[in-house]
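Here is the structure we will look at.
The values are calculated or read from the model by the stated rules, or taken from the named source; none is laboratory data. Please read all numbers here as calculations on a predicted model, not as lab measurements. Please note: Cβ atoms are built from the backbone with ideal geometry, for glycine as well, and neighbour counts cover all protein chains shown. These area figures cover heavy atoms from the full protein model, side chains too; ligands, DNA and RNA do not enter into them. Shrake-Rupley method; radii C 1.70, N 1.55, O 1.52, S 1.80 Å.
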Amino acid sequence: GQLPSWLQGILLRNGPGMHTIGDTKYNHWFDGLALLHSFTFKNGEVYYRSKYLRSDTYNHNIEANRIVVSEFGTMAYPDPCKNIFAKAFSYLSHTIPEFTDNCLINIIKTGDDFYATSETNFIRKINPQTLETLEKVDYSKYVAVNLTTSHPHYDSAGNILNMGTSIVDKGKTKYILFKIPPSVPEKEKKKSCFKHLEVVCSIPSRSLLHPSYYHSFGITENYIVFIEQALKLDIVKMATAYIRGVNWASCLAYHKEDKTWFHFVDKKTKKEVSTKFYTDAMVLFHHINAYEEDGHIIFDIIAYTDNSLYNMFYLKNLSKDFEDSNRLTSIPTCKRFVVPLQYDKDAEVGSNLVTLPSTATAVKEKDGSIYCQPEILCEGIELPRINYNYNGKKYKYVFATEVQWTPVPTKIVKFNIQTKEMLDWREDHCWPSEPIFVPSPDAREEDDGIILTCVVKSDPKEAPFLLVLDAKTFKELGRATVDVDIHLDLHGIFIPEKDLKTKTE
């Protein structure tokens, strides 16, 4: 096929790539050492490259020829031969975990720079052209967080907005929303953007010892949307995990009897909306989009009724008959919540306060809180992406992978949220990755552009390829076959040529 002539830049992807070091093996697929890979588009041609992220974690493990740094699903014990005092001290020092810098989930942009990220306080700067690993940044030097998301948002001025959980301050567990500017004032050119990091606001955790786990959050023109869910970390268990010889993932539990709380922070006043909005327990990883309409906040998410997704990716479950033997006990469901921020304060208890045409409801309760029920938009999609120019605005299209009762995606889909129509691309034995939308330079409509996804074949004898689809019609424009093993990755970013600082071959 042929690539559009305007497609110039780099598709950068990240995910777990090495699961065995010496005689040791990680327990969980999400623990593997980060492997970056890229497709560079230049004058109608595609160049492929991949490289392990040379994190401190990678270096320590490779040097020891075994796993010596703990990951979320694998606890590591560095030196079994130490004397009892050193051992006791090492146990104590693990109470606030010293997290890994194996940044394997996503790639984010801060100013002119790009960073590999995971969900700990560390991110690693990388060179997007050569994939070499540069300096390590520790968020906790600039803001008191121990965990952060890998899905920040970018506003029109280029600021990054992100959230992290602070468990440092005993008894004051909170979620912190912070902002990093895209550049620093002229006279401080030597300083990094992180020195100008600003805390927008903090939300106290409803339970001091059981903060909610979250993987992403939402944003509208005037508000930040944060969902405090019933999938929670147990801080006491985490502090003692090392001594008990269990992994941190075992300290995560789903409390299905709990509620899910919605928090809305006004960007201008930096204050949270005081009304209490909630829904039933659910597990969510990915927000799709959010926007405001007639005094309501509308947000779309992908939710589950349990935490079976994480457990399926333990490597002991990833056997050769993985697709047939493993079934999700909860299918991902695309839900739309419609939350009335402005409503008649004298409305009767039990009345639905949603005035927009939607089957989603928001019912006033006796104590003044509002119980929300979603509209179900569709089922079986994950790794959602949108045209990011429509982020925080009313929109039509979600691009996603389709997953049915097994967590391995077999199709790429385009879902029209307004008409519920779905287009898909599929081919036998193909596992596509998260689809990334790249708008065409003269785009007039939301779906003017292309979709990029890397496709791994389930038959190891067949070569993987990069697929380019027309985002409007979902017809294939071209594919670039790569004659190397490509790993199943998680998330990534397309960097247009103009955003690459130096022109290196």
Contact order normalised by residue count of the range 9-499, Cα under 8 Å, 6+ apart, percent:
11 percent
State the extension gain, in nm to one decimal, for the chain segment bounded by ASP294 and GLU476, taking 0.36 nm per residue of separation less the distance between their alpha-carbons.
61.6 nm
Would you mind calculating the relative contact order of the range 162-238 from Cα pairs under 8 angstrom and at least 6 residues apart, reporting the percent as a whole number?
26 percent
Expressed as a percent, the accessible surface of the range 9-499 that is carbon or sulfur, using a 1.4 Å probe and the full set of protein chains, is 51 percent
Residue separation times 0.36 nm, minus the C-alpha to C-alpha distance between GLU135 and ALA463: what's the value?
114.7 nm
Sorting check: for 429-437, 135-143, which peptide has the highest mean count of neighbouring beta carbons within 10 Å, and how do the rest follow?
429-437, 135-143
Radius 12 Å from Cβ of GLY32, net charge of other residues (Lys, Arg +1; Asp, Glu -1):
-2
For the chain, give the magnitude of the charge dipole about the Cα centre (Cβ charges: +1 Lys/Arg, -1 Asp/Glu; no others), in debye to the nearest 20.
1380 debye
At a Förster distance of 35 Å, what's the computed FRET efficiency of GLU98 paired with THR20, Cβ-Cβ distance as r, to 0.05?
0.90
Given contacts defined as C-alpha pairs under 8 Å and at least six residues apart, what's the relative contact order of the range 373-505, whole-number percent?
17 percent
Each label point is 7 Å from the Cα along the Cα-to-Cβ direction; what then is the distance between the points at ASP280 and LYS125, in nm?
4.9 nm
Stretch ASN416-TYR390 to full length: gain in nm at 0.36 nm per residue minus the Cα-Cα span?
8.0 nm
With all pairs of different alpha carbon atoms counted, what Kirkwood hydrodynamic radius in Å does the chain show?
23.8 Å
Taking the solvent-accessible surface of protein heavy atoms with a 1.4 Å probe, what is the per residue accessible area of the chain in Å²?
45 Å²
Can you tell me which lysines have their Cα less than 21 Å from the Cα of LYS276? Leave out same-chain residues fewer than eight positions away.
LYS172, LYS174, LYS232, LYS256, LYS259, LYS267, LYS268, LYS335, LYS345, LYS364, LYS366
Just grab the label-to-label distance for ASN65 and ALA157, each label 7 Å out from Cα along the Cβ direction, in nm (one decimal).
5.5 nm
